[in-house]
Amino acid sequence: MPKILKIHNLEKTYTSGSKKLTVLNDISFEIEKGETFSIVGPSGSGKTTLLGLCAGLDKPNSGGVELCGVPLQDMNEDQRALMRNKEVGFIFQNFQLLPTLSALENVSVPLELQGAKNAAKIATDLLDKVGLTDRLHHYPSQLSGGEQQRVALARAFSNQPSILFADEPTGNLDEETGEKVIQLLFELNREAGTTLVIVTHDLDLANRTQQILRLKGGKVLTNERTV
Amino acid sequence: MAWRDGKASATRLLLFMASIILGIAAVVSIQSFSENLKENIGQQSKALMGADFIIDSRQLPNERVQGIIDSLGGSDASEVNFASMAAFPKNDDSKLVRVRGIEGQFPFYGTLDTEPISAAQEYQEKGGALVDATMMLQYDLKPGDSIKIGNLTIPILGSLKSVPGSSAISTSVAPPVLIPFRFIEKTGLLQVGSRKEYQYFFVAPETMDLDALNENLDPILDAENADLDTHKVTSQRLGRSYTNVSKFLNLVAFIALLLGCIGIASSVHIYIKEKLRAVAVLKCMGATRKQTFLIFLIQIAGMGFVGGLIGTLIGIGLQQTFPLIIQEFLPFNVEISFSISPIIMGLLLGVFMSVLFALLPLLNTWYVSPLEVLRIQEGSLIKSRRARFLTFGSVLLFIYLFSFWLLESGAYALGFVITVVVTFSILAGVAILFMKAIKRFFPKSWGFIARQSLLNLFRPNNQTMVLILAIGLGTFLISTLYFTKDMLQARTSIENGTKDPNIILMDVQTAQKEAIIPNITSKELPIIDDLPIVTMRMHSIKGVLSNTIRKDSTSRVRNWVLNNEFRATYRDSLVDSEVLSEGEWISEIELGKPTEISISSNLAQDTDVEVGDEIVFNIQGVLMNTIVGSIRTVDWGRAQMNFSIVFPKGVLENAPQFHVLTTYAPDEESSANLQRDLVKNFPNVSIIDLRQILSILEDVLDKISWVINFMAFFSILTGIIVLIGSVRTSKYQRIRESVLLRTLGANSKQILKINALEYFYLGILGSGIGVLLSLISSQLLASFVFEVNFVPSFIPFLVFLPGITALVLFIGLVNSKSVLTSPPLEVLRKEG
């Protein structure tokens, strides 16, 4: 299978005052196209930082990230934004919906940024799939946490991404709602044939993916396929 | 705790402070300057008059007045002054001047400021003239040159820089020329009917009670058409007129402060909202409601105090520049001194205003439940309607009390509060309507960027309304001032195309008329008006003698009517500037019928007469019975000769009279040519060149509008500070939104466009509403106050609207730079 994401010798450090803090050190792994993949580890192990670097939200100090065959470290911010808009979808722990936009408008954003003409139609279909047909014109403040995360799910798939990054997608939800969202996520993912990368604390959730990368102290502890 | 928490939010608190600093600076500078003016007028009271008291009259004192002057030991100095043309043989020029013939050592207080200094002492003895310094510069005159006034030619001994009691503006139409009194006779200009004023200056012994003197003598002198003015009364009158101006400016400054306070309320609202979780945590740990409330109250009060202090210091610095701007309006030099009361006022205002306006959001800390630690519920705060009502009430009460203190009138203060509330409500109302309309009718088909930037105006915790209020109010003030200035100028200017008279010849004797007319027409200039003037006084009104009316305290007849020497004319038709409002116009008297005259509506009101009432005039010793036949509404603003009393033809033709002739000179050269000729041959004729007067008027208007624009500038500047504060306050939210968009694939250009468009909407909405409202208010002013046709100038639309929008855009974008450069991951992590 072709590799959609290649990470090699990644290093990320932050400077706080005169102190240099190494968050990620010598990280290397690869993800196959269409695979489901999870990154697990305790708090402060560098999971979210790694996800950000994989998605081109930040630049590493050294090492390389190759997404969809293109090295991200050689691109500027706008080129990376264009890449994200075409190839990447996101789901965040705290939903990250734009408060001024309705559910329908939030889902349309990635398509509208591309200048797509049929954004509303695609967004309506996706919201229908996640069971929010009757919530199209509601604003985030008028939706429950579970509903907000379903809007975020629809948005993540709206630009038909090649790879989807989910950062603790159930972190802000109760168990029951979280389970529903996860089922929906895997279902949509299967339908679209998207590569899925999940950052989570939840080992049960991680076990539902095909491969698990364990981090500790900024280093890869293990990288193994699930049974 | 207040200090510790405040330290952590120092940058944001600084911006809150900036909102009130400007308002306080404006109020303190104006207040402090007016205190200084008052003090200066008090200190220079005697120097303003040059004597302790003056008796003045428009005619040579009669026996009774002379008796009073003698009983006071005779005057210490005296003066006769009148307007006349002066010719300058050196360059063959001429100019209307006020000739002041002085006898004695006037002034007794203050000085005649001359160049050379010795000229003030020597002009009496050496028999020379002191000529207004600006006029000498204008006509290139030097000491030693001569000046011709009527039949008198004397040398100029020095230039006159200042005379006690007159300002640069008040003397700009007819600049003063001082000559020894003994030369007045030789000018040959003191003829019957010419306008003149006699003044007798007195130095009072220290024991003399000037107030008692004024009380005793003024009514007696009034009855004899004379007047007594003590230095105290004069300076009080002067003080009052300047106080009125400074009160007005103070109110404009106060509006700027109110604007700043609304900015504070809005920023504190968001600041406190973000602190609510921390307050709930404190409450969980056992802090009482009072303690948590006090933490933020102390912060806000401290911020108000520091803001007040900085504002006061800036205000005190600013007032140093005021004398430079308005010195020409003042008949004395202003010395700025240090006064404690504006400083105390500035500090108190700073603390009170910030606490008052922040009270409503501060109350949230009182009502926040410890349960909020677990979950912040939108809209669950401020349960007490009473607290809310009390806060609003206190804010209005404070505005009322402060304006009452400024205006010293309950009714005016109430009027001001109502005006402020109505203006803010209209601005807010129109803004809300506009925003709703835009949101509703904004084309859905427009691109994402245009729609997203518009929606940003409605984001949670938005400060759109405050910003539109601030920008709108500033634009409204500036545009209204601009339109008003336009109206005033339109009212006074003579259009080049029209042939309205622009040169008026006064004091033309009947015998001279026939010689002067050919002089004018030979230069191919038209005679537009030839108006006979007969001077007269009112002897009795409705059968009651003027003297009796004076003593009657219940009479509704205004005093000036009884003392005034009227200049009436006679003619058979109405002129352009008047409309018959009551009665019947009589063009010519019929034999055997009573003399029916026409009077202006303002005179009818001040004389308390109606059509059919009788007035007896004293026409230079001869009594004449008349009946009010008609009342006219006169447009006094028109630059032409208007009369309050018009006789029909056939009555006054043989009375002693002089004439006013008017003509139209197409350019300055022909005007100067005519004036030169007339001054040479008819020295007693005064020539008023309206073009010159209008240019002086324009200059005055320019200076006044400069002062008012200066105040409006404070509003705009406060608006800008509120804008910066708001941009900063919502910065984190903007960064979050932008980062999110960038995460979803938006590029820098798209984000920049969204931000720019948002500020563009704010700027165009605010300034658009401001200009629109100013258009309405100017139309109202034009219809009801100035009574002119209002043709709006394009400047506010072409300059203010785009200019202010561009300014808002610029400030917004400069302050949003970090929004564009923040790394996405960092922001998203914070959210987690």
Quiz prompt | Rounded to the nearest 20 debye, dipole of segment B:527-663 from Cβ charges on Lys, Arg, Asp, Glu | solution = 560
Quiz item: For B:TRP706 and B:GLU668 in the same chain, what is the full-extension length gain: residue separation times 0.36 nm, less their Cα-Cα distance, in nm?
Solution: 10.9 nm
Quiz item: Which one of B:LEU318, B:LEU741, A:ASN207 is farthest out on the positive end of the charge dipole of the protein assembly as shown, using unit charges on Cβ (Lys, Arg +1; Asp, Glu -1) and the Cα centre as origin?
Solution: A:ASN207
Self-check item: B:TRP636 accessible area, assembled protein chains, probe 1.4 Å, Å²
Solution: 120
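What total accessible area, in Å², is buried where chains A and B meet, using a 1.4 Å probe and rounding to the nearest 100?
About 2600 Å² of accessible surface is lost on pairing.
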Self-check item: Convex hull volume per residue in cubic angstrom - Cα atoms of the protein assembly as shown
Solution: 237
Quiz item: Pairs B:LYS38/B:LYS196; B:LYS95/B:LYS485; B:LYS196/B:LYS542; A:LYS47/A:LYS219: which exceed 22 Å Cα-Cα?
Solution: B:LYS38/B:LYS196; B:LYS95/B:LYS485; B:LYS196/B:LYS542
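Any idea what the relative contact order of chain B is, in percent, if you count C-alpha pairs under 8 Å spaced at least 6 apart?
The value is 17 percent.
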Quiz item: Kirkwood Rh over Cα pairs of segment B:121-181 into Stokes-Einstein at 20 °C, 1.002 mPa s: D in µm²/s?
Solution: 181
Quiz item: Under a straight-distance cross-link criterion of Cα-Cα below 16 Å, which lysines are reachable from A:LYS180, leaving out those fewer than 8 residues away in the same chain?
Solution: A:LYS129
Quiz item: If each Cα of chain B is one equal point scatterer, what is log10 of I(q)/I(0) from the Debye formula at q = 0.08 Å⁻¹?
Solution: -0.87
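Tell me, rounded to the nearest percent, the portion of alpha carbon pairs in segment A:129-227 spaced more than 16 Å apart.
60
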Self-check item: Rounded tilt (10° steps) of B:10-43 against the dominant C-alpha axis of chain B
Solution: 20
Exercise. Kindly provide the helix-only [θ] at 222 nm of the protein assembly as shown, computed as the sum of -39,500 (n - 2.57) over DSSP H runs of four or more divided by all residues, to the nearest 500 deg cm²/dmol?
Key: -16500 deg cm²/dmol
Quiz item: Nearest 10 degrees, 0 to 90: what angle lies between the long axis of helix B:210-223 and the longest principal axis of chain B (Cα atoms)?
Solution: 50
Quiz prompt | Given charges at Cβ of Lys, Arg, Asp, Glu: chain B dipole, positive-most of B:GLY260, B:PRO176, B:GLY188 | solution = B:GLY260
Practice problem: Largest first and in whole Å, give the semi-axes of chain A's equivalent ellipsoid, each being the square root of 5 times a Cα gyration tensor eigenvalue. | Solution: 29, 20, 17
Self-check item: Volume per residue that the Cα convex hull of segment B:131-224 spans, once the total is divided by residue count, Å³
Solution: 161
Practice problem: Note down the magnitude of the dipole of the protein assembly as shown about its Cα centre, charges +1 on Lys and Arg C-beta and -1 on Asp and Glu C-beta and zero elsewhere, to the nearest 20 debye. | Solution: 5860
Exercise. With a 1.4 Å probe and all protein chains in place, put A:ASP167, B:ASP92 in order of accessible area, largest first.
Key: B:ASP92, A:ASP167
Practice problem: Pull out the extension gain between B:LEU348 and B:GLU614, defined as 0.36 nm times the separation in residues minus the alpha carbon to alpha carbon distance; nm, one decimal. | Solution: 89.7 nm
Quiz prompt | Top positive-direction residue, dipole computed over chain B with Cβ charges, set B:ASN602, B:GLN66, B:LEU765 | solution = B:LEU765
Quiz item: Going out from 0 in 5 Å bins, what whole percent of all Cα-Cα distances in segment B:53-203 drops into each bin?
Solution: 2, 9, 20, 23, 21, 14, 7, 3, 1, 0
Exercise. State the percentage of accessible surface on segment B:527-663 attributable to carbon and sulfur atoms; use a 1.4 Å probe and exclude ligands, DNA and RNA.
Key: 47
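Quick one: plug the Kirkwood hydrodynamic radius of segment B:527-663 (C-alpha pairs) into Stokes-Einstein at 10 °C, 1.306 mPa s, and report D in µm²/s.
Value of D from the Cα-based Kirkwood radius: 104 µm²/s.
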Quiz item: Measuring with a 1.4 Å probe in the full set of protein chains, what accessible area per residue, in whole Å², belongs to chain B?
Solution: 45
Exercise. Quick one: which residues, 5 or more positions from B:ASP613 or on another chain, have an amide H under 5 Å from its amide H? H modelled 1.01 Å from N in the peptide plane, none for Pro or chain starts.
Key: B:VAL628
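The values are calculated or read from the model by the stated rules, or taken from the named source; none is laboratory data. Just so it is clear, the structure is predicted and the values come from calculations on it, not from any experiment. Note that each Cβ is placed from the backbone with ideal geometry, even for glycine, and that neighbours are counted across all protein chains shown. Note: accessible area is taken over every heavy atom of the protein model, side chains too, but ligands, DNA and RNA are not part of it. Shrake-Rupley method; radii C 1.70, N 1.55, O 1.52, S 1.80 Å.
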